[in-house]
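The structure under discussion appears below in the form of structure tokens.
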Amino acid sequence: MSKDQYLSTKLVTVYCDLGSLAIAHNVFLQFFQPKTILCNVMIHGYLRNEWYSEALDLFKMMRSCGLEIDSYTCHFVLKACTGLSDYEMGMEVVKSVVDKQMGREKFLGSAIINFLVRFGKFDDARRLFNKMRERDVVSWNSMIGGYVQASQLNEAFYMFFEMRKCGITPSPITMVSLIQACMRSGDLELGKCVHGCAIELGMRNDILVLTSLVNMYSNMGDIVSARQVFETMLMRNLVSWNAMISGYVQNGLVLESITLFNRLVTSGGGFDSRTMVSLIQGCSQTAHLKNGKILHGCIFRRGFESNVILSTAIIDLYSKCGVLKQATFVFDKMKGRNVITWTAMLVGLAQNGRADEALKIFHQMQVEGVVANSVTLVSLVHSCAHLGCLRKGRSVHAHLIRCGYAFDVVNRTALIDMYAKCGKIRPAELVFNEGSISPDVILWNSMITAYGIHGHGEQALGVYKRMMAEGLEPNETSFLSLLTACSHSGLVEEGLRLFHGMERYHKIRPTQKHYASIVDLLSRAGRFEEAETLVKQMPFDPGTSILESLLNGCRTHKNIDLAIKTADRLLCLDSLSSGIYVVLSNIYAQAWRWDAVNHIRSLMRTQGLKKTPGYSSIEVENQVYTFFAGDDSHPNWAEISRYLENLRLEVEASGYVPDTSCVLRDVDEPMKIKLLWGHSERLAIAFGLLSTPVGSSIRITKNLRVCVDCHNVTKYISKIAGRELIVRDANRFHHFVNGNCSCKDYW
């Protein structure tokens, strides 16, 4: 080699070590006929900086120019092929090794074995391994590591025992592979044995092995052992600190992770984006906004905000804490957003009740050409369910089918929920019954819930019987859904049998929620003595959900004395719940006790409590319109108002008589009738009848319980208009067809 090429080889090595590949490449290009050693140094530089394509391009140039290909060239190029997952090119290199009889080099044989096992060619790798005259620890590590990555854990340990029989001393890399095997198997005792073996082999202070042990113990939930290993380490690098911080977060010890981070910083140690990702995820778990903001400040000062994974974790943090303005700010500033980032933003909006904005984000995602994954789509299904957007929900269902996600149990469960909440029980049934019978009890529960909210108690019980016939064991949620279904359908005796059989036949002890459902069941049926007896006999003090069920029953049956007594108990538990005051006020109003109504409303004003305003929404041509009571803000209000007046005249001519007891204000009769016709569901129905094709179904979603008069008038409207009117209120669905409701006036 000339003196110039010798010096240039040294320069290329130095520049590659510094990561200055562009300068190293310029030095390399000064030679029209570079020697093999210079080419090898350049290829190795590319490899170390993960410029795999450039390494292969240079190798191809060497072959085309007739330059000598030696064992080092093949070794480096095989690693580049592994990095690019280029099996065909790698096999060409292997062929060159065989043709030029370079296979005797131990390091090259190990490189070929490593290449083969990475592509799952274990039989070929094993044959080559068995033919090797000399097998060093690197060769053994390649085989053991390959088996671990392929989850062939028995083979990995067999190779380890064979290695020991051959007198080869394991290296730290060997033990790290075995530790990973223990993590994959979930066998903590085996992990402890490997730990002991590592100590016997003199690795008690090896930083790589000890860090792997911290990871292993953390992943298996033995955080005490993980901490012991970490604290006994004589030397720690950032990877070690990150492993322990991540371990704390994985095991729910978020405050401990923050404390350890403070210890790292005060000891003069640095941190990286991986440190911050773990800490931010910990704050997300506990919704600890204050610590999250402090960490975000650290991230900003260190310039880590460009890290996509970290920024995505920050979006998730702010979403979990309900601070969507901050989450959106971080999202909008991000560059290079991936599907996980988009999904985090979409899920954050959906979980915070901003389903309409989640749908807009999905549309923007599609415009920018980002392909949605299963998590994105299932979150979108939940958004459609929340808004009652049937058309968009069907579109997402079609998307799931095209992507091959539709038969996933999680997605099927979400689709059943979506169709049920959009008032379409038949498509929900089709989703439930398609494919093979699932052993996942959550899927079955979703179908029971779907029938329940539509008042199909008998069908819900039918799913339960099928479930039992298939040998599936119901859980707490199963019984909660079943009891709710019975309550909405008036199946009192069936509900009582289920309730009393929970612990007797299924060893499931009823919780507060189950007692609340059975109290609701009895109260709806007017069986207050039994409900009160049950409340007295339950094994714990009744919570708000149980007493609220009793109070709602009192409202339905106008049981004022029990209502007052129940409300007093409720206010002792939750004096700041506006709902309790509202129900009690309504009960007094139904009894014409306006002095008591005014007293309750005065108490609410004193405590700064406000009644939740009622509203109804309807989807027309892919857009959701929302109406509040007495709302005249719609651009087509004049037309809606005229149509409502015509409807009023028609239903009154058909025999409808307004039930003004539903107006809980001390005003005269004409004003009460006017207020009734300003209820939000009537506005939404009128708008729907004006805006949709004749004969089509209309779906209305209301945030509160529909009043008795609106329920009655909707029956008349369904007959006069010849339409199916589907109203989803706070409790259940009502299907109005030809003057009748699916609830049979029991709700």
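Could you order E548, E619 so the one with the most accessible surface comes first? Probe is 1.4 Å. Walk me through the numbers on the way to the answer.
Values: E548 70, E619 45 Å².
From most accessible down to least: E548, E619.
As a test of reading the structure, rank R642, R302 by solvent-accessible area (1.4 Å probe, protein chains only), most first.
Working: R642 150, R302 120 Å².
Greatest to least solvent exposure: R642, R302.
What ranking do 204-217, 157-170 get when scored by the average of other Cβ atoms within 10 Å per residue, highest first? Intermediate values should be presented prior to the final figure.
Values: 204-217: 22.2, 157-170: 14.9.
Ranked by mean Cβ neighbours within 10 Å, highest first: 204-217, 157-170.
Rg and Dmax of the stretch 428-607, using alpha carbons, in Å: what are they?
When restricted to Cα atoms, the stretch 428-607 yields Rg and Dmax of 18.6, 62 Å.
With every protein chain left in place and a probe of 1.4 Å, what is the accessible surface of D332, to the nearest 10 Å²?
Rounded to the nearest 10, that gives 100 Å².
List every residue whose amide H lies under 5 Å from the amide H of Y615, counting only residues 5 or more places away in sequence or on a different chain, with H placed 1.01 Å from N in the peptide plane.
Here the answer is N703, L704, since their amide H atoms fall under 5 Å of that of Y615.
Kindly give Rg over Rh for the stretch 60-172, based on alpha-carbon atoms, with the Kirkwood expression for the hydrodynamic radius.
Result for the stretch 60-172 is an Rg/Rh of 0.99.
Could you sort the peptides 395-401, 130-136, 455-461 by per-residue average Cβ neighbour count (10 Å cutoff), highest mean leading? Let's see the in-between values first.
Working: 395-401: 17.7, 130-136: 12.3, 455-461: 20.7.
In decreasing order of mean packing, 395-401, 130-136, 455-461 become 455-461, 395-401, 130-136.
Semi-axes, largest first, in whole Å: what does sqrt of 5 times each Cα gyration tensor eigenvalue give for the chain? Intermediate results must be reported in sequence, preceding the final value.
On the way: eigenvalues 876, 185, 138 Å².
Taking √(5λ) for each Cα gyration eigenvalue gives 66, 30, 26 Å.
When only C-alpha pairs under 8 Å and at least 6 residues apart count, what is the relative contact order of the stretch 360-445, in percent?
Values: 72 pairs, mean separation 22.5, N = 86.
Relative contact order of the stretch 360-445: 26 percent.
Calculate for the chain the 222 nm mean residue ellipticity that helices alone would give, adding -39,500 (n - 2.57) per DSSP H run of length 4 or more and normalising by residue count, nearest 500 deg cm²/dmol. Don't jump to the answer; show the numbers that get you there.
Values: 40 runs with 510 residues, N = 747.
The per-residue figure over the chain is -21500 deg cm²/dmol.
Could you tell me the accessible area of F432 in Å² (1.4 Å probe, neighbours in place), rounded to the nearest ten?
In the full protein context, F432 sits at about 20 Å².
Name the residue farthest towards the positive end of the dipole of the stretch 428-607 from the options M604, H488, L534, assuming +1 on Cβ of Lys and Arg, -1 on Cβ of Asp and Glu, about the Cα centre.
Among M604, H488, L534, the one farthest towards the positive end of the dipole of the stretch 428-607 is M604.
To the nearest 20 debye, what charge dipole does the chain have about its Cα centre, counting +1 at the Cβ of each Lys and Arg and -1 at the Cβ of each Asp and Glu?
Details: 80 positive and 71 negative charges, 160 e Å.
The calculated dipole for the chain is roughly 760 debye.
Evaluate the Debye formula for the stretch 6-54 with equal point scatterers sitting on the alpha carbons, no solvent, and hand back log10 of I(q)/I(0) at q = 0.16, 0.28 Å⁻¹, in q order, two decimals.
Scattering profile of the stretch 6-54, log10 relative to I(0): -0.34, -1.08.
Could you order C403, C710 so the one with the most accessible surface comes first? Probe is 1.4 Å. Write out the running numbers ahead of the final one.
Numbers: C403 55, C710 0 Å².
Descending accessible area places them as C403, C710.
Which whole-number percentage describes the relative contact order of the stretch 597-690, with Cα contacts under 8 Å and a sequence gap of 6 or more? Can you show the working numbers first?
Details: 66 pairs, mean separation 34.1, N = 94.
Reported as a whole number, the value is 36 percent.
Given the chain, what percent of its DSSP beta bridges are antiparallel, to the nearest 5? Show your work: numbers first, answer last.
Working: 15 of 19 bridges.
Counting DSSP beta bridges with both partners in the chain, the antiparallel share is about 80 percent.
Kindly write out, for the stretch 625-640 in residue order, the coupling ³J(HN,Hα) from the Karplus curve 6.51 cos²θ - 1.76 cosθ + 1.60 (θ = phi - 60°), rounded to whole Hz, with x marking Gly and Pro.
Couplings: 10, 10, 10, 9, 4, x, 6, 10, 8, 5, x, 9, 4, 4, 5, 4 Hz.
Run the quick spin-label model on N475 and N130: label points 7 Å from Cα toward the beta carbon, then report their separation in nm to one decimal.
4.7 nm
Exactly which chymotrypsin sites (Phe, Trp or Tyr not before Pro) in the stretch 28-62 are in a DSSP loop and have at most 15 other Cβ atoms within 10 Å?
Values: sites: F28, F31, F32, Y46, W51, Y52, F59; in loops: F31, F32, W51.
Counting only loop positions with at most 15 other Cβ atoms within 10 Å, the chymotrypsin sites (Phe, Trp or Tyr not before Pro) in the stretch 28-62 are F31, F32.
Please report the Cα spread of the stretch 616-741 along all three principal axes, rounded to whole Å, starting with the longest.
The Cα atoms of the stretch 616-741 stretch 40, 31, 30 Å along the principal axes, largest first.
Put one equal scatterer on each alpha carbon of the stretch 193-279, apply the Debye formula with no solvent term, and list log10 I(q)/I(0) at q = 0.12, 0.23, 0.25 1/Å to two decimals.
Computed log10 I(q)/I(0) values: -0.32, -1.11, -1.27.
Where the only charges are on Cβ atoms (+1 Lys, Arg; -1 Asp, Glu), what is the dipole of the stretch 95-238 about its Cα centre, to the nearest 20 debye?
So the dipole magnitude of the stretch 95-238 works out to roughly 500 debye.
Note the full-extension length gain between L18 and M61 as 0.36 nm times their separation in residues minus their Cα-Cα distance, in nm to one decimal. Provide the component values of the computation, followed by the final result.
Working: separation 43, 0.36 × 43 = 15.48 nm, distance 2.49 nm.
Gain on stretching L18 to M61: 13.0 nm.
Contour minus end-to-end for Y87 and E50, with contour as 0.36 nm per residue of separation and end-to-end as the Cα-Cα distance?
Numbers: separation 37, 0.36 × 37 = 13.32 nm, distance 1.73 nm.
Roughly 11.6 nm would be gained on extension.
On a 0 to 90° scale, report how tilted helix 52-64 is relative to the longest principal axis of the chain, with both axes built from alpha carbons and the result rounded to the nearest 10.
40 degrees
Could you tell me which of the pairs K674/K719; K35/K131; K558/K611; K320/K702; K565/K610 are separated by over 24 angstrom between their Cα atoms in the structure shown? Walk me through the numbers before you get to the answer.
Values: K674/K719 22 Å; K35/K131 32 Å; K558/K611 21 Å; K320/K702 26 Å; K565/K610 22 Å.
Violating the 24 Å Cα-Cα cut-off are K35/K131; K320/K702.
Spelling out what I want: for every residue of the stretch 306-316, take phi, set θ = phi - 60°, compute 6.51 cos²θ - 1.76 cosθ + 1.60 (Karplus), and round to whole Hz; glycine and proline get x.
With the stated coefficients, the stretch 306-316 comes to 6, 6, 5, 4, 5, 5, 5, 5, 5, 4, 4 Hz.
Count neighbours as other Cβ atoms within 10 Å of each site's Cβ, and list the trypsin sites (Lys or Arg not before Pro) in the stretch 448-530 that are DSSP loop with at most 11 such neighbours. Write down the numbers at each step before the final one.
Values: sites: K465, R466, R497, R504, K507, K513, R524, R527; in loops: K507, R527.
Here the trypsin sites (Lys or Arg not before Pro) that fit, given the DSSP loop and packing criteria, are K507.
About its Cα centre, how strong a charge dipole does the stretch 4-147 have in debye, to the nearest 20, once Lys and Arg get +1 and Asp and Glu get -1 at the Cβ?
Values: 17 positive and 16 negative charges, 96 e Å.
Dipole about the Cα centre, nearest 20: 460 debye.
Using a 1.4 Å probe and ignoring any ligands, DNA or RNA, find the accessible area of D745 and quote it in Å² to the nearest 10.
Around 90 Å² of this residue is reachable by solvent.
If I stretch the segment between D659 and S633 completely, what's the gain in nm (0.36 nm per residue apart, minus their alpha carbon distance), one decimal? Don't skip to the end; give the middle numbers.
Values: separation 26, 0.36 × 26 = 9.36 nm, distance 2.66 nm.
The span from D659 to S633 would gain 6.7 nm if fully extended.
Positive end of the dipole of the chain, charges at C-beta (+1 Lys, Arg; -1 Asp, Glu), about the Cα centre: which of N445, S284, C384 has its Cα farthest in that direction?
Farthest along the dipole direction, towards plus: S284.
What percentages, rounded to whole numbers, describe P(r) for the stretch 130-263 computed over all alpha carbon pairs with 10 Å bin width beginning at zero?
Taking all Cα pairs of the stretch 130-263, the binned fractions are 13, 42, 30, 12, 3, 0 percent.
What's the angle, to the nearest 10 degrees (0 to 90), between helix 355-367's Cα axis and the longest principal axis of the chain?
40 degrees
When only C-alpha pairs under 8 Å and at least 6 residues apart count, what is the relative contact order of the chain, in percent? Mind dumping the intermediate values first?
On the way: 1030 pairs, mean separation 35.2, N = 747.
Once normalised by length, the contact order is 5 percent.
The values are calculated or read from the model by the stated rules, or taken from the named source; none is laboratory data. It should be emphasised that the depicted structure is a prediction, and the values quoted were computed from it without experimental measurement. Using ideal geometry, Cβ is built from the backbone for each residue, glycine included, and neighbour counts are taken over all protein chains shown. Each accessible area value is taken on the protein alone, full model and side chains, heavy atoms only, with ligands, DNA and RNA left out. Shrake-Rupley method; radii C 1.70, N 1.55, O 1.52, S 1.80 Å.
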